[in-house]
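Notes to accompany the following structure.
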Amino acid sequence: MNVFLDANILVSVLNREYPLYEYSARVLSLAGSSRYKLYTSPLCLAIACYFSEKKSGPTLAKRKVSVLSQKINIAAMDEEIVRKAATNKTIHDFEDGLEYYAAQKAKCRYIVTEDVRDYFFSEIEVLTAEQFLKSKVL
């Protein structure tokens with residue numbers, strides 16, 4: 001099952017932001033499971049690195065992102081995704097549109113984010129980390 005992780009899930013783990021950390025870290029631990037294939041995007045990694053730098057400094061933040069990027073899959077973002085996000089009138093936040101179409105292209109069944117309302121336009125099921133763990137992880 002393909003699952004897309006939004007930037008806020010990554011940030012909460014890299015910065016150990018409680019109470020979200022507990023659930024986000026458990027979702028990320030599924031990366032070692034054969035049942036789940038976790039994805040994020042280059043943009044989410046960049047956002048996570050930016051916020052991690054604020055807390056940990058650039059060297060440690062880059063190391064954290066490097067480790068993270070080896071454990072999860074990176075969904076492609078290309079010209080097609082940019083155009084879809086830019087032209088879809090139902091998408092108000094361009095960044096969310098990029099994430100959505102990257103998740104769609106990676107054939108993700110779920111988007112895990114703490115900002116569920118940002119994906120009101122999504123045809124992919126959108127859940128918080130806690131909701132995902134309670135309803136989809138067996």
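Which of PHE132, PHE51, PHE94, PHE121 has the fewest other C-beta atoms within 10 Å, and how do the rest follow up to the most?
PHE94, PHE121, PHE51, PHE132
Once you've got the Cα coordinates, tell me which of LYS54/LYS105; LYS64/LYS84; LYS64/LYS107; LYS105/LYS136; LYS37/LYS134 are over 28 Å apart.
LYS54/LYS105; LYS64/LYS84
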Practice task
Hand me the GluC sites (Glu not before Pro) from region 1-60 located in a DSSP loop with no more than 10 other Cβ atoms within 10 Å, in residue order please.
Solution key: none
Practice task
Based on other C-beta atoms within 10 Å, arrange SER41, SER135 from fewest to most.
Solution key: SER135, SER41
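Take the Cβ-Cβ distance between LYS71 and ASN2 as r, set R0 to 22 Å, and report the resulting FRET efficiency rounded to the nearest 0.05.
Approximately 0.90, to the nearest 0.05.
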Handout entry: Theoretical FRET efficiency, 1/(1+(r/R0)^6), r = Cβ-Cβ of LEU43 and GLU22, R0 30 Å, to 0.05
Key = 0.75
Practice task
For the chain, set up a Gaussian network in which alpha carbons nearer than 10 Å are linked by springs, and say which option among ALA103, ALA46, ALA85 fluctuates the most.
Solution key: ALA46
Completion exercise
HN-Hα couplings for region 6-23 via Karplus (6.51, -1.76, 1.60; θ = phi - 60°), in whole Hz with x for Gly/Pro, come out as 6, 4, 5, 5, 5, 4, 5, 7, 4, 9, 6, 8, 8, x, 5, 3, 3, 7
Completion exercise
Of VAL116, VAL82, VAL67, the most mobile residue in a GNM of the chain (C-alpha springs, cutoff 10 Å) is VAL67
Handout entry: Label-to-label distance, nm, for residues given as LYS107 and ALA31 (7 Å Cα→Cβ offset)
Key = 2.2
Handout entry: From the coordinates shown, Rg/Rh (Cα atoms, Kirkwood Rh) corresponds to which of (i) 0.97; (ii) 0.95; (iii) 1.06
Key = (ii)
Exercise for the section: Rank-order 9-15, 23-29, 74-80 by packing density, defined as the average count of other C-beta atoms within 10 Å over each peptide's residues, highest first. Expected result: 9-15, 23-29, 74-80
Practice task
Find how many whole Å separate the alpha carbon centroid of region 102-125 from the alpha carbon centroid of region 1-68.
Solution key: 16
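Laboratory data are not the source of any read-out in this text; all were calculated from the coordinates shown. Remember, it's a predicted structure, so these values are computed and weren't measured experimentally. Reconstructed Cβ throughout: ideal geometry from the backbone, glycine too, with neighbour counts over all protein chains shown.
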